[in-house]
Each structure stands twice: as structure tokens, then as C-alpha cells.
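Each value in this text was obtained by applying a stated rule to the coordinates, not by laboratory testing. Not measured: the values here are computed from a predicted model. Cβ sites come from the backbone with ideal geometry, for glycine too, and all protein chains shown count toward neighbours.
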Amino acid sequence: MNLAGDDKKATVLGLGIETSCDETSVAVIENGRRILSNEIYSQIQEHAPFHGVVPEIASRSHLLKINPVYEAAMKQAGIQAEDLDYCAVTSRPGLTGSLMIGSQLARCLNMVHGLDLVTVDHIEAHMYAVFLEGKEPKYPFLGLLLSGGNSAIFRVQGPGQMELLGTTMDDALGEAFDKAASVLDLPYPGGPYVEKEGRMYAQKHASAPEEPALFPRILRDYPSDQIAFSFSGIKTAVLQAARKGEDPGRICYHFQKTSFELVTRMLDRAVARTGLQTVVASGGVLASSTLRETLQNCDGRYTILYPEDRKLCTDNAAMIGALGYRLWQLGVRDSLDFAVSSRR
């Protein structure tokens, strides 16, 4: 902890708390870069029967798991609450009931142990996952977020400074993966299973000439100077292809190819508009090896950074602590009456 009594000490220990959706996570972070613990309880099995997150189930699960997850994180880090300097907690955006559980733990730690409170934007925190692996992108950089609830590109100027360049007009890419999987009777969450089916199809037809696209180019007539995503149309196209009896593997292969082409096209536009040559990517969809390979093919045009550890792509408290550290260093402090919000 801060033995010198100021914010310039050699070692700063921070707690991150993440309960925005369906992961209950608590992490201990040293100097905003080193993970001492990053405990995550995933609710996937609880929501799997519904092929999506049920808010009431999520809130109840957070309430039951938050204390054990906190205790496990502290034990793994080998510290006591008195050793911490700040507590960073997700306050936006997310499911309101879920956010309230994490925020109450943060308030309790402030009242009992006097920890500084720092509220964090969950979306922005994804951009700081790479800092936990020794990567240090220089500001400003482009931030690409692809998750179950968001598909967007930002200009990141610094901690607490993000400019939205383009977002989805309807559905997020992660949600489209889940819908495609549901249509094809694949398990939830859909991403890993859609990727597996697509890879098997690609391997089976590796020696054949490249076949025509199964799905039309997304936003093919969208103005070339604008940035946006849209995945509702390809969800409908997947449903129609399945009803026609199309090979599920072929559907999965072309669903990914078409969706990821839109991602790289919009990144090209963002680079051209801003002149920035570094892209920091994160979000649950970045756990896809197929997407990573697609982005790596762009590396000659600009530098792509993303968490190598796939656990850091999905929702986790370590990224909350990492951003919280930088805000704390800038003097950001929040009071007990901070509010949670479903929006940014």
C-alpha cells in the first residue's frame, strides 16, 4: 500500500469488480499491469437453456457468488483489504440489477476499509486488457470492441477519453453468433461451436477452388466515408439458408467470412479517417481463432494488438482494475452515492 501517503508510491494495489452481465469477477492488480488474481465465475450453464442471458437469473447468481469470488481473489493474491489502495468497479453499461451487486461490494469496502472508489466504464475497460500482458500502446489509438452486446470502433485519447467512431446499427456480432448457433441447433454460447463447424467445413474443402460467397456483402451500399456495423441481416440470411437445407458447416464458414470482412473493412475506414496505425481489439468475439487470423492478415496495413490470453478478452475484473488504476493516478475518485447505468 501507499506507505508514503501519496499517489506516487512504487507499488499500488487495486481491486477490480466486474458484474455487468453474466460473469462475477474480482481481481487484484499491481500497478495497473500485473495480475495477482483474477477470479471469474461464469453463469454460462445457468443461461444456456435460454440461449441468452436472463437478467433476473444473472442478478441472483451475482448475489450468491460475489462474496466467495471476492474472498478467493484476495486469498490468491495473498493480501488483506487494508493492503489495497483503490477499488475500481464497473458502473456502466450493463444489466442494472447485476451492476448493483458489484457496486454494493465496492461501497462496503469503502465504508469499512476506506478504499478510494473509482467507477469504470465496462466498454472502455476492454481496451486496457492488453496492458496486463506487457503491451503499451501509445495514445491515441483505435479501439475495436466486438462482444455479445457491442460492436464498435473508438478513438482512444487516454483514460476516460474515448470518441465513438462507429457502432452497430442493430445487433452485436457476439449476439449474431449466438443466434446463428441457435438456428443450427448448436450449443450456447454459439461462438466456439460456429467456429468449429466452419473450420471443419474449410478443412474438408481445402483442396477445392474458393467457392462463391453464400451471403451478400454486409452494408455493401453504405457510404464509404462512414463507419458502422450491422448483423441483423446476416442472422436472417442464416435462418433462410438453414430452412433451405444448406450444409450447416458451409453456413458457419460463410457466416464468419462475411461478418469478419465487415470488421476489417470498417477498420480500414477508421485508419483512413484518423491516420492512426495502432488498433487495440478486445471483447468476447476476439476469443475466436478465425477472427484473430483475419485480423493478423491486416497487420501490414496497421498494427493489431489484442489479449493473447482469451480469458482477458471476455468480461473480467482484471481489465476493470487496469483502467481503474490509470483513472486513480489521474485523481479520479467517486463518492458512495455513485449511480449505475445500463448505458455509457
Rounded to one decimal in nm, the spacing of the 7 Å Cα→Cβ label points at residue 82 and residue 301 is 5.6 nm
In nm, the gap between the two label points placed 7 Å beyond Cα toward Cβ at residue 96 and residue 34 is 4.2 nm
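Compute the Cα gyration tensor for the range 167-246, then decide on rounded, prolate or oblate, letting a ≥ b ≥ c be the square roots of its eigenvalues: rounded whenever a/c is under 1.5, prolate when a/b is larger than b/c in the other cases, and oblate in all that remain.
Working: a/c = 1.87, a/b = 1.30, b/c = 1.44.
Verdict is oblate for the range 167-246.
Would you mind getting me the FRET efficiency between residue 170 and residue 268? Use the beta-carbon distance for r and R0 = 30 Å, nearest 0.05. List each step's numbers first, then the result.
Working: r = 22 Å, r/R0 = 0.72.
It comes out at approximately 0.90.
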For the range 333-344, in residue order, the Karplus 3J(HN,Hα) values (coefficients 6.51, -1.76, 1.60; θ = phi - 60°; whole Hz; Gly and Pro = x) are 9, 10, 8, 4, 8, 4, 9, 9, 8, 6, 10, 5
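Which net charge results for the neighbourhood of residue 197, defined as the other residues with beta-carbon distances under 15 angstrom from its beta-carbon, given Lys and Arg at +1 and Asp and Glu at -1? Let's see the in-between values first.
Working: positive: 179, 196, 199, 204, 250, 257; negative: 178, 185, 195, 246, 247.
With Lys, Arg at +1 and Asp, Glu at -1, the neighbours total +1.
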Per-residue ellipticity at 222 nm attributable to helices in the chain (runs of n ≥ 4 DSSP H, -39500 (n - 2.57) apiece, nearest 500 deg cm²/dmol) works out to -12500 deg cm²/dmol
Of all DSSP beta bridges having both residues in the chain, the percent classed as antiparallel (nearest 5) is 60 percent
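Count neighbours as other Cβ atoms within 10 Å of each site's Cβ, and list the GluC sites (Glu not before Pro) in the range 232-311 that are DSSP loop with at most 13 such neighbours. Walk me through the numbers before you get to the answer.
Values: sites: 246, 261, 293, 308; in loops: 246, 308.
Those satisfying the criteria are 308.
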To the nearest 10 degrees, the tilt of helix 191-204 (Cα long axis) against the first principal axis of the alpha carbons of the chain is 40 degrees
Checking rank on 316-325, 161-170, 99-108, with mean other Cβ inside 10 Å and highest first, the result is 316-325, 99-108, 161-170
Taking a ≥ b ≥ c as the square roots of the Cα gyration tensor eigenvalues, with a/c under 1.5 meaning rounded and otherwise prolate when a/b beats b/c or oblate if not, the range 139-308 comes out prolate
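Under the classification rounded if a/c is under 1.5, otherwise prolate if a/b is larger than b/c and oblate if not, where does the range 23-153 fall, given a ≥ b ≥ c as square roots of the Cα gyration tensor eigenvalues?
Working: a/c = 1.66, a/b = 1.04, b/c = 1.60.
Verdict is oblate for the range 23-153.
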Candidate cut points under trypsin sites (Lys or Arg not before Pro) in the range 199-270, DSSP loop plus at most 12 other Cβ atoms within 10 Å of their own Cβ, are 217, 220, 244
Here the gain from full extension of residue 225 to residue 10, 0.36 nm per residue of separation minus their alpha-carbon distance, amounts to 72.8 nm
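Provide the FRET efficiency to the nearest 0.05 for the residue 337-residue 63 pair, computing r from the beta carbons and using R0 = 25 Å. Provide the component values of the computation, followed by the final result.
On the way: r = 21 Å, r/R0 = 0.85.
That pair, residue 337 with residue 63, gives E of 0.75.
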Sequence order, the range 116-131: Karplus ³J(HN,Hα) from phi using 6.51 cos²θ - 1.76 cosθ + 1.60, θ = phi - 60°, Hz rounded, Gly and Pro as x, gives 5, 9, 10, 8, 10, 7, 4, 5, 4, 4, 4, 6, 9, 5, 5, 5
Here the range 152-165 yields Karplus 3J(HN,Hα) values (6.51, -1.76, 1.60; θ = phi - 60°; whole Hz; Gly and Pro given as x) of 7, 10, 10, 9, 9, 8, x, x, x, 10, 10, 10, 6, 9
Residue 309 and residue 42 label points (each 7 Å along its Cα→Cβ direction) are spaced in nm at 1.5 nm
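Exactly which trypsin sites (Lys or Arg not before Pro) in the range 7-81 are in a DSSP loop and have at most 14 other Cβ atoms within 10 Å?
Values: sites: 8, 9, 33, 34, 60, 65, 75; in loops: 8, 9, 33.
Passing both the DSSP loop test and the Cβ count: 8, 9.
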Computed from the beta carbon distance with a Förster radius of 45 Å, FRET efficiency for residue 204 and residue 138 to the nearest 0.05 stands at 0.55
Restricted to the range 139-308, the DSSP antiparallel beta bridge percent, nearest 5, is 60 percent
Residues whose built amide H sits under 5 Å from the amide H of residue 171, excluding neighbours closer than 5 in sequence, are 231, 232
Rounded to the nearest Å, the spacing of the alpha-carbon centers of the range 219-282 and the range 137-159 is 18 Å
Options [x] -0.65, -0.72; [y] -0.39, -0.49; [z] -0.53, -0.65 for log10 I(q)/I(0) by the Debye sum over Cα atoms at q = 0.08, 0.09 Å⁻¹; the value derived from the coordinates is listed as [y]
If one compares the long axis through the Cα atoms of helix 232-243 with the longest principal axis of the Cα atoms of the chain, the angle in degrees, nearest 10, works out at 50 degrees
Using alpha carbon centers only, the range 175-211 is separated from the range 39-69 by a whole-angstrom value of 26 Å
With the 8 Å Cα cutoff and a minimum separation of six or more residues, the chain has a relative contact order in percent of 25 percent
